[in-house]
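The values are calculated or read from the model by the stated rules, or taken from the named source; none is laboratory data. The structure displayed is predicted, hence computed values, not measured ones. Here Cβ is always computed from backbone atoms with ideal geometry, including for glycine, and neighbour counts include all displayed protein chains.
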């Protein structure tokens, strides 16, 4: 293999995992006034703006990102790659929001994208992915909060700004009819990729599979529009009972002050079983989409797993092979996942290992910029794909995401 393409001569790339930071009124600017004391609220606590839900401070978020200092892009990558031990690492939130208008303003972001060599990007929330799980005891407020947030996203960033920035509206399946109405609103304004939390749909009547026929109108609309539905790494509490079960079985004494986390990438102050089950929720979610026949009912639907890692893929494919032994599926379950689902590996993961299990056509480049756990410079991803051919590099760095976006 003669490799000629490098970061220096490749040309503009398509980054499938960029982020914006939310401003202080992201959840409240367009909220129905009758929900003023429900859902996400911004309140001054000890002289600082903080997020409050149900009278409690959000346990993960310090507050609006235009008020609180941020981490430098890439500053956590050494920790997540194992090159730096947690005991030796000190994260420093010392970057002033005012010094980085490109994190909050779309025209400033375009200018930075030009410098970074990024032609197009999927743009995901930074904080909104952590709030839905804390509003499940008030479904109406949860739906309204995310509805209002989507209007802020469209106003500030646009769902297809200049054909380059594709900001992702946040979908929730807590109400099937309202999910359809919200998706229609987003599609009318140019949305090409939408975000959906990976996990069960939490409805007024309890938890439901996202592939339940009650949501078929939503999925049918997504297929008809030719958009991509994406699950980005999120905060999710639907497996709390599962962690509790493991604690009881193996005698781990829960810390009464600890957060029994959901399998997110942070382990601090959670159960030790988070380490054992990292990636479990996205693994199970992807399995359910296939097992509950979503892709058989919607054969043109496209799905992407962004910043969910990729270590779970081999185990999933094995589970789908076992599922296929029943002979009850119109198409082999493994092939269903491969034909319908794309994956963005973590920056610290081996792309070569992922490519042993998933075709390169289904691997997407994502930098996670400007987050601390992502790349300091998006083009650093080229270091992870040195062993691939020019044709494969083109697919991962640009062509695969463009196909999903402009289908």
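Scanning region 37-55 for residues being touching a residue at least 60 places away in the same chain (Cβ under 8 Å) and either out of contact with any helix residue (DSSP H, G or I) (no Cβ under 7 Å at 6 or more places or on another chain) or surrounded by fewer than 12 Cβ atoms within 10 Å (Cβ to Cβ) (or both) gives a total of 2.
Here's the yes/no breakdown for (1) crowded, with 19+ Cβ neighbours inside 10 Å; (2) in contact with a helix residue (DSSP H, G or I) (Cβ under 8 Å, 6 or more places away or on another chain); (3) at pLDDT 85 or above:
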residue: 239; (1), (2), (3): yes, yes, no
residue: 245; (1), (2), (3): no, no, yes
residue: 252; (1), (2), (3): no, yes, no
residue: 258; (1), (2), (3): no, no, no
residue: 263; (1), (2), (3): yes, yes, no
residue: 269; (1), (2), (3): no, no, no
residue: 275; (1), (2), (3): no, no, no
residue: 278; (1), (2), (3): no, no, no
residue: 282; (1), (2), (3): yes, no, yes
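Can residue 194 be described as under 26 Å from residue 291 (Cα atoms) and assigned to a strand (DSSP E or B)? Criteria met by residue 194. Assessment of region 117-126 against the conditions (farther than 20 Å from residue 307 by Cα, modelled with pLDDT of 95 or more and touching a helix residue (DSSP H, G or I) at 6+ places or on another chain (Cβ under 7 Å)) yields at least one matching residue. For region 380-399, the set of residues classified as part of a helix (DSSP H, G or I) and more than 20 Å from the chain's Cα centre (by Cα) consists of 380, 382, 383, 384, 385, 390, 391, 392, 393, 394, 395, 399, listed by residue number.
Looking at region 19-27, is at least one residue modelled with pLDDT of 95 or more, touching a strand residue (DSSP E or B) at 6+ places or on another chain (Cβ under 8 Å), within 26 Å of residue 384 (Cα to Cα) and surrounded by 15 or more Cβ atoms within 10 Å (Cβ to Cβ)? Yes, there is a match, as at least one residue in region 19-27 is modelled with pLDDT of 95 or more, touching a strand residue (DSSP E or B) at 6+ places or on another chain (Cβ under 8 Å), within 26 Å of residue 384 (Cα to Cα) and surrounded by 15 or more Cβ atoms within 10 Å (Cβ to Cβ). Considering region 135-158, and only residues there that are out of contact with any strand residue (DSSP E or B) (no Cβ under 8 Å at 6 or more places or on another chain) and part of a loop (DSSP other than H, G, I, E, B), the residue that is surrounded by the most Cβ atoms within 10 Å (Cβ to Cβ) turns out to be 138. On the stretch given as region 305-341, residues that are closer than 28 Å to residue 83 by Cβ and either free of Cβ contacts under 8 Å to residues at least 40 places away in the same chain or in contact with a helix residue (DSSP H, G or I) (Cβ under 7 Å, 6 or more places away or on another chain) (or both) total 8.
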